Amino acid sequence: MDALAKLKEELARKRKQAEELVQNVGGKKMIRRADILAKEEKEYMEKQALKKKKQKEEDDAAQASSSTESKLDVADDDTLTREEVIRRLRVRAQPITLFGEAEADSRMRLIKLEYDQPELNEGWNNDLASAMRDVDNDLVKDVIEGGANDKRKFDVQANKAILEEWDLIEKASILLGASDELQDVYRDCDTMNKFLKYLLARWAQQLNDRDEEEKKSVQGKYQASIYKQTCTNIKVLQNSLDAHTINNDIRHHLMKIIRLLIIDRDYIQANNAYMEMAIGNAPWPVGVTRSGLHQRPGSAKAYVSNIAHVLNDETQRKYIQAFKRLMTRCQEYFPTDPSKCVDFVRA
């Protein structure tokens, strides 16, 4: 009986399918194979057109969001002179002025180029020499201009407002890594960004508190150059934290390091966590890893996710090394038990 019921059900389904096909073709009882193929082709083309339309809408939305993010992340810099804009565009082999372009537009084009491609020739530039040259140029410019700011001409720029928020940063650091929900991730990124801004402001205040003779000396200008280079290199990390687009793996490492720095004040463990982030702890494959059909017992450990992030690209290497300088400054500003400290040279 079961087989007979299934047969009747199948016949009813086929009959219903044939009736629907007759109605779709035009109500004819005699149906040609060509009419069926034409109908199937028409339905296929309609589905493809709908799919292309949906894909186009998604691409337009993604392009609009990316343009909005670029507008939010890239801000105009009015301090750039026209001569500096021309020099940087020539270094990048870019046209000085496009057709119908004003000076502000060419300056904004340069800023976007430098934001999208921060390293023109990776590994070929001496960043410290560039920073020292910028410091010397600023000093010469201040000496030429003179005026009321003559006493502060050897100072570096500092965000003094963030120095009063240390208690808030310390309380917020307790919640680092509490969960992976979106709002908690945003909160963690903001906390880490404030921590970096605080250390940079504290470092700038320390440099500005020196006497004039020390600031004008070779060693004083060298320290200012180190600070300027650190600010430049870590700007990429700050932008990613501000936009909440930082890599999740690096974010977890940074949260672990900052918790050790602020809460535990264990700088040795923080240094070990930094080495794990920068260098990684994945074993190197030595010898023949795949000698036959079967895999060696320890070969699977050589392909874990604990890789060296410092080797990914030049920009990432620079802001990871800049973060290490701020770790050293943090140990200097917040001393603890000598058994938890890493040796460093005081400025």
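The values are calculated or read from the model by the stated rules, or taken from the named source; none is laboratory data. Nothing here was measured: the structure is a model prediction, and the numbers come from that model. All Cβ positions, even for glycine, are placed from backbone atoms using ideal geometry, and neighbour counts span all protein chains on display.
Structural remarks
- Residue in region 213-221 that is assigned to a helix (DSSP H, G or I), in contact with a Ser or Thr (Cβ under 9 Å, 6 or more places away or on another chain), of a type in the set (D, E, K, R) and more than 21 Å from Thr315 (Cα to Cα) present: no
- Cβ pairs under 9 Å, 6+ apart, first in region 332-346 and part of a helix (DSSP H, G or I), second modelled with pLDDT under 85 and of a type in the set (Lys, Arg): Glu332/Arg346
Each row is one residue, and each column tells you yes or no for (1) within 14 Å of the chain's Cα centre (by Cα); (2) assigned to a helix (DSSP H, G or I); (3) on the phi > 0 side of the Ramachandran plot.
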| residue | (1), (2), (3) |
| --- | --- |
| Glu165 | no, yes, no |
| Ala178 | no, no, no |
| Phe195 | no, yes, no |
| Ala201 | no, yes, no |
| Ile246 | yes, no, no |
| Ile258 | no, yes, no |
| Leu261 | no, yes, no |
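- Single condition Glu114 does not satisfy, out of (1) assigned to a helix (DSSP H, G or I); (2) modelled with pLDDT of 85 or more: (2)
- Test result for Ile250, surrounded by 17 or more Cβ atoms within 10 Å (Cβ to Cβ), under 20 Å from the mean Cα position of the chain (by Cα) and at pLDDT below 90: yes
- Taking the criterion of being assigned to a helix (DSSP H, G or I) and at pLDDT below 70, the residues of region 22-34 that qualify are Val22, Gln23, Asn24, Val25.
- Out of Glu57, Glu83, Glu103, sole residue that is among the charged types (D, E, K, R), modelled with pLDDT of 80 or more, farther than 27 Å from Thr315 by Cβ and out of contact with any Ser or Thr (no Cβ under 9 Å at 6 or more places or on another chain): Glu57
- Hey, Gln316 at pLDDT below 85, of a type outside the set (Gly, Ala, Ser) and either touching a strand residue (DSSP E or B) at 6+ places or on another chain (Cβ under 9 Å) or closer than 18 Å to Asn239 by Cα (or both) or not: yes
- Taking each residue of region 163-189 that is over 15 Å from Leu241 (Cβ atoms) and crowded, with 16+ Cβ neighbours inside 10 Å and looking for partners that are modelled with pLDDT of 90 or more and not charged (D, E, K, R) with beta-carbon atoms closer than 9 Å, six or more apart or interchain, yields Trp166/Tyr198.
- Any hit, region 238-245, residues being surrounded by 17 or more Cβ atoms within 10 Å (Cβ to Cβ), modelled with pLDDT of 90 or more, touching a Gly at 6+ places or on another chain (Cβ under 6 Å) and not small (Gly, Ala, Ser): no
- Residue within region 282-300 that is modelled with pLDDT under 60, over 26 Å from Ser225 (Cα atoms) and part of a helix (DSSP H, G or I) present: yes
- Taken over region 217-231, the residue count meeting the criterion of being surrounded by fewer than 17 Cβ atoms within 10 Å (Cβ to Cβ), in contact (Cβ under 8 Å) with a residue 12 or more places away in the chain and either farther than 21 Å from Gln321 by Cα or in contact with a strand residue (DSSP E or B) (Cβ under 6 Å, 6 or more places away or on another chain) (or both) is 0.
- When Glu276 is tested against (1) acidic (Asp, Glu); (2) over 25 Å from Glu165 (Cα atoms); (3) crowded, with 18+ Cβ neighbours inside 10 Å, exactly one condition is not met: (3).
Every residue, every condition in (1) touching an Asp or Glu at 6+ places or on another chain (Cβ under 9 Å); (2) part of a helix (DSSP H, G or I); (3) of a type outside the set (Lys, Arg); (4) modelled with pLDDT under 75, yes or no:
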| site | (1), (2), (3), (4) |
| --- | --- |
| Glu20 | no, yes, yes, yes |
| Ile36 | no, yes, yes, yes |
| Lys52 | no, yes, no, no |
| Gln63 | no, yes, yes, yes |
| Arg90 | no, yes, no, no |
| Gln94 | no, no, yes, no |
